[in-house]
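See structure below.
FYI, it's all coordinate maths here, none of it is from the lab. Predicted model, so just to flag it, every value in this text is computed and none were measured. Virtual Cβ from ideal backbone geometry, glycine too; neighbours counted across all protein chains shown.
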Amino acid sequence: MANLVGAFAASHGPIIARDWETMAKDHRNRLAAGFDEIGRRLKACRPDLLVVISPDHWVNFFISNLPAVCIGLGEEHDGPPEPFMQKVFPRERLKGHAAFGRHLLETALERDFEPALSHRLKLDHGTCIPLWRIGVDAELPIVPIIVNDLEEPMPSIRRCLAWGRLLRQAIESYPEPLRVAVLGTGGLSHSIGEPTMGWIDEEFDHACIRHFADGEDARLAAFLTEALPRTGNGAHEIRDWVVAHAAAGSQGFELIDYFPSPQTLVGAGFASWRVAAAA
Amino acid sequence: MTDYWVSKLFFDLQHDAKLAAEYRADMPAVLERYAIKPDIRKALIEDDVGKIAPLVNAYLLRFYFQIRGMPQDEFIARLHALKAGKGKVDG
């Protein structure tokens, strides 16, 4: 049986990659410290596989065909297509894990979830900025779960919680003794391409952090369902944190750091969950 | 209301560097290939952020104006000039 050995979440944003070398040193150092700490904790988990939950920034999907959730079950995936990413993370291919991807898909279908599937995804900055900054080993297989965080209507928070629990069930029913970590990417609040662009909603961010720490799923879902329509559109990526949170059993949240990052247009958050099964 | 063809144009420009170069050189020629209404075509040619913004996903909008070469500060200022429907702007 496989085990969940770690659960993590980190923000992303194109400017982190674009302006990494030129941004103010203090700011870069604080971002780096958040990513580095996740990298340290991830390495300590000694994972055999990393499940990454992230949005797709119009790289794989368009409004002609836009899944709510898509599981990547390929033997490998394509690296980031964005030129600004290729400068800092020039990986053309990322190793996948077809067997676990298929097991996750089958587990989902058996439990009446109907995700899309992809045998080859392009993993954009949403996935690859955290991988780059965390320093994930190129040999660590990735199973991507793409969640529609960008175009309304989006999956409900209740469903994202259910996805997290399902992911945990899939991990624990996988027959091989894999050590599996999960990473949710995106958030916290930000506002992109809308009249509030640049707005970082610290009140929302601190409330999210409190709700993750409280570990009460119903209250977390109620809060996000009510608050998300009132804050910036980028905050919808909190769904990816919610999946990681529920996979971890909705407990053990540890905030590594949070600070508003107007330089990168995001409420920068870094977190992990204490996972009981970790050994 | 989402405009499919404006969205498709923005999506294609994001995925095709040659098309993006062609668009920079000759916008009307590229626009001819998309079923975009005349008033929207005019808004595109005039970089009318306010007219285009309600028609496309906000992330595609951001990418499009990067392709157009609009500096981020100017793009944000033009968005802020629109009546914000929610919250205050800190950024």
| task | Would you give the gap between the C-alpha center of segment B:1-72 and the C-alpha center of segment A:54-111, rounded to a whole Å? | result | 26 Å
| query | Exactly which GluC sites (Glu not before Pro) in segment A:30-123 are in a DSSP loop and have at most 10 other Cβ atoms within 10 Å? | reply | A:Glu92
| field | Label point distance in nm, B:Met70-B:Asp47, each placed 7 Å from Cα along Cα→Cβ | value | 0.8 nm
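Hey, got a sec? Which chymotrypsin sites (Phe, Trp or Tyr not before Pro) in segment B:1-61 land in a DSSP loop and have at most 13 other Cβ atoms within 10 Å?
Values: sites: B:Tyr4, B:Trp5, B:Phe10, B:Phe11, B:Tyr23, B:Tyr34, B:Tyr59; in loops: B:Tyr34.
Filter output for segment B:1-61: empty list.
Would you mind ranking A:Met85, A:Met23, A:Met197 by Cβ crowding within 10 Å, fewest neighbours first? Show your work: numbers first, answer last.
Details: A:Met85 22, A:Met23 17, A:Met197 26.
Placing the least packed residue first, the sequence is A:Met23, A:Met85, A:Met197.
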| field | Globularity ratio of segment A:136-191, using Cα Rg and 2.2 N^0.38 Å | value | 1.38
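Using Cβ counts within 10 Å as a stand-in for footprinting exposure, how do A:Ser250, A:Ser272 rank, fewest first?
A:Ser250, A:Ser272
Taking segment B:30-67, which trypsin sites (Lys or Arg not before Pro) meet the DSSP loop condition and have no more than 16 other C-beta atoms within 10 Å? Can you show the working numbers first?
On the way: sites: B:Arg33, B:Arg41, B:Lys42, B:Lys51, B:Arg62; in loops: B:Arg33.
Answer by residue number: B:Arg33.
Using just the alpha carbons, could you tell me how many Å³ per residue the convex hull of segment B:4-80 encloses? Can you show the working numbers first?
Values: hull volume 6.3 nm³, N = 77.
Cα convex hull per residue, to the nearest whole number: 82 Å³.
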| message | Loop by DSSP (not H, G, I, E, B), at most 14 other beta-carbon atoms within 10 Å: where is the longest site-free stretch of chain A for trypsin sites (Lys or Arg not before Pro)? | response | A:121-273
